[in-house]
Amino acid sequence: MNNKESNIEKTKVMVIGAGVAGSSIAGELSRLGYEVHLYDKNKGPAQETSSHETALAHPHVGKKKSKLQRFTQLANRLANQKWSEAQLDHQAFEPLRELSLSKCRDLSDLFDEMGLQNDVQILTKEDAYFRTNIQATGLWYPTAAVYSLPMICEKEISSIDKSCIYWNCQILKIQKEKDVWQVFNHAGELIGSAPILILASGIEVQNLLKTIDIDLAIRPVRGQLSTFHIKKESLLVPHLPKKVIRGDGYCLPAKLLETQDWHWEVGSSYDEDHSDILPWDKSDQENAIKGLNLIGCDHSHLKDMLVINTFVGIRSASKDRLPLLGPIPNQPGLLVACAYGSRGVLWSALGAPVITAYVEAFFAGADRLRAGFLTGASAPLFAEVVSAVNPGRFLRGVLATRTSNSKPIFPVS
Ligand SMILES: Cc1cc2nc3c(=O)[nH]c(=O)nc-3n(C[C@H](O)[C@H](O)[C@H](O)COP(=O)(O)OP(=O)(O)OC[C@H]3O[C@@H](n4cnc5c(N)ncnc54)[C@H](O)[C@@H]3O)c2cc1C
């Protein structure tokens with residue numbers, strides 16, 4: 001092999017899965033100059049869970065600065081910076097019906113003290129009614145947005161060389177041969193090899209790891225969103241929201257049709273250990289109730305909500321609700337990006353730079369990750385993200401007990 005060839009081989013990376021997780025990683029690596037080979041079993045990007053057109057992202061806030069809270073605030077900033085053109089709606093409101101005016105002031109002061117003034121504000125009942133059509137005090141998220149996951153995927157993969165994208169290409173087996181990872185199709189044919197292999201195929205990551213006898217504890221969680229048709233004469237119409245409302249689930253602003261009737265999208269159901277992609281009536285009913293609760297209406301309006309469309313997807317999820325991002329212990333060059341749960345936008349925004357940092361460290365021969373690669377992230381925050389999302393925490397059996405967190409990777413400051 002001459003120098004040029006060996007250099008090319010050194011910077012080649014394979015990514016399995018062109019949902020929002022895989023596309024965002026593949027896009028980021030490609031923009032950095034890596035030769036990215038992207039494989040997906042479907043005919044194009046975002047055909048499975050990431051076919052979701054209305055994914056809400058917002059920073060999580062609360063009285064305590066929890067890990068989840070700090071990571072989502074960072075991820076939300078990254079998503080806003082990267083994917084503003086895939087945002088279909090902005091801001092969101094969370095009604096907190098029991099909140100008194102004095103508690104509002106306390107909370108508002110607290111958010112200011114915590115430096116959250118850009119992420120969350122308190123709305124009085126009157127303000128909320130004016131902005132959202134919901135009569136309740138609550139939290140206003142100025143930086144929340146609704147994203148089209150297919151638009152994010154299209155944008156991300158546009159930077160990859162088209163001849164290195166393989167559609168209708170299901171990977172059924174992976175294996176390591178000398179220092180190179182190999183991927184095989186349904187016919188058992190070797191169809192690609194590279195020093196780095198990134199598995200971003202949603203719940204399917206589990207099956208691919210099983211082909212090398214690794215058992216990763218992630219589970220499928222079925223979700224359904226429902227769009228309801230509401231006739232113009234319904235008593236529900238004056239209460240329909242003008243903005244995204246979140247709480248137990250979320251709903252989009254209702255859309256006025258030419259007929260003066262309305263369409264209103266509400267979600268999502270959350271059924272652990274189910275993978276059925278057919279629509280369920282039960283989930284539509286749950287969503288209808290969720291929607292009425294979100295806007296503070298009683299259930300007598302259920303009869304006015306006619307289901308006209310559903311979206312069903314299978315999330316992959318971990319026990320601690322954080323994603324799995326990083327290397328599989330004792331398998332150099334093998335990385336995973338999955339378990340994004342209900343936070344596909346946020347964890348994709350964070351996942352791409354985390355995985356990229358590992359890839360850079362791998363090719364540089366470094367055993368430590370570069371700090372500060374996340375815009376606006378301090379070195380301690382970066383260290384916390386990296387160790388909290390390490391897949392080693394969920395590996396079952398010998399691999400986990402031998403290596404789990406025994407050799408954590410910390411950034412250089
Ligand atoms: C009802 C519902 C509502 C949701 N709401 C929100 C929300 O409001 N906000 C938010 O941020 N997120 C939301 N999510 C979550 C979000 O949709 C997911 O986290 C995200 O789409 C997961 O992306 P992914 O790339 O990991 O998986 P996927 O989109 O499933 O991508 C995996 C890809 O891998 C490919 N693949 C699988 N196996 C193989 C193989 N063996 N070989 C080759 N290719 C393979 C598939 O074809 C697919 O393209 C919601 C999910 C659901 C179901």
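Taking a threshold of 24 Å on the Cα-Cα distance, which of the pairs K155/K255; K41/K255; K178/K319; K82/K319; K43/K155; K41/K319 fall above it?
Values: K155/K255 27 Å; K41/K255 35 Å; K178/K319 34 Å; K82/K319 28 Å; K43/K155 17 Å; K41/K319 27 Å.
Over 24 Å apart, Cα to Cα: K155/K255; K41/K255; K178/K319; K82/K319; K41/K319.
Within the chain, what's the longest run with no trypsin sites (Lys or Arg not before Pro) in a DSSP loop and at most 10 other beta-carbon atoms within 10 Å? Give the range, please.
179-413
Hey, if you put +1 on the Cβ of every Lys and Arg and -1 on every Asp and Glu Cβ in the chain, which of T143, I314, L292 ends up farthest toward the positive end of that dipole?
Highest projection toward the positive end goes to T143.
When the chain is treated as a GNM, springs tying every alpha-carbon pair under 10 Å, which of A337, A357, A187 comes out with the largest mean-square fluctuation?
The residue that fluctuates most here is A187.
If you put +1 on each Lys and Arg Cβ and -1 on each Asp and Glu Cβ, how big is the dipole of region 57-187 around its Cα centre, in Debye rounded to 20?
The dipole magnitude comes to about 440 debye.
Report the Rg/Rh value for the chain, based on alpha-carbon coordinates and the Kirkwood definition of Rh.
In the chain, Rg relative to Rh is 1.00.
For D215 paired with I277, estimate the spin-label separation in nm (one decimal), with each label point 7 Å from Cα along the Cα-to-Cβ line.
2.8 nm
Taking the Cα centre of the chain as origin and charging only Cβ (+1 Lys, Arg; -1 Asp, Glu), how large is the dipole, in debye to the nearest 20?
Using Cβ point charges on Lys, Arg, Asp and Glu, the chain gives about 860 debye.
Between S269, T259, M305, whose Cα lies farthest towards the positive end of the dipole of region 220-317 when Lys and Arg beta carbons carry +1 and Asp and Glu beta carbons carry -1, centred on the Cα centre?
So the residue furthest toward the plus end is T259.
Pull out the extension gain between K64 and S158, defined as 0.36 nm times the separation in residues minus the alpha carbon to alpha carbon distance; nm, one decimal.
Gain on stretching K64 to S158: 29.8 nm.
Normalising by the residue count of the chain, find the relative contact order in percent from Cα pairs under 8 Å and 6+ residues apart. Can you show the working numbers first?
Details: 890 pairs, mean separation 77.9, N = 413.
Here the relative contact order equals 19 percent.
To the nearest 20 debye, what is the magnitude of the charge dipole of region 220-317 about its Cα centre, counting +1 on the Cβ of each Lys and Arg and -1 on the Cβ of each Asp and Glu?
Computed charge dipole of region 220-317: roughly 380 debye.
In deg cm²/dmol, rounded to 500, what helix-only [θ] at 222 nm does the chain give when every DSSP H run of at least 4 residues adds -39500 (n - 2.57) and the total is split over its residues?
-9000 deg cm²/dmol
Where does the longest stretch of the chain lie that holds no chymotrypsin sites (Phe, Trp or Tyr not before Pro) found in a DSSP loop with 14 or fewer other Cβ atoms within 10 Å?
Here the longest segment lacking exposed loop sites spans 168-372.
Mind listing the phi-derived Karplus ³J(HN,Hα) values for region 15-32, rounded to whole Hz, using 6.51, -1.76 and 1.60 with θ = phi - 60°, and x for any glycine or proline?
Once θ is set to phi - 60°, the couplings for region 15-32 become 10, 9, x, 10, x, 5, 5, x, 4, 5, 5, 4, x, 4, 5, 5, 5, 7 Hz.
Report the residue, chosen from I171, I355, I308, that carries the largest GNM mean-square fluctuation when the chain is represented by alpha-carbon nodes joined by springs under 10 Å.
In this elastic network of the chain, the residue with the biggest mean-square fluctuation among I171, I355, I308 is I308.
Throughout, read-outs are computed from the coordinates displayed, never taken from laboratory work. Owing to the predicted nature of the structure, the values given are computational and were not obtained by experimental measurement. So basically every Cβ, Gly included, is an ideal-geometry build from the backbone, and we count neighbours across all protein chains shown.
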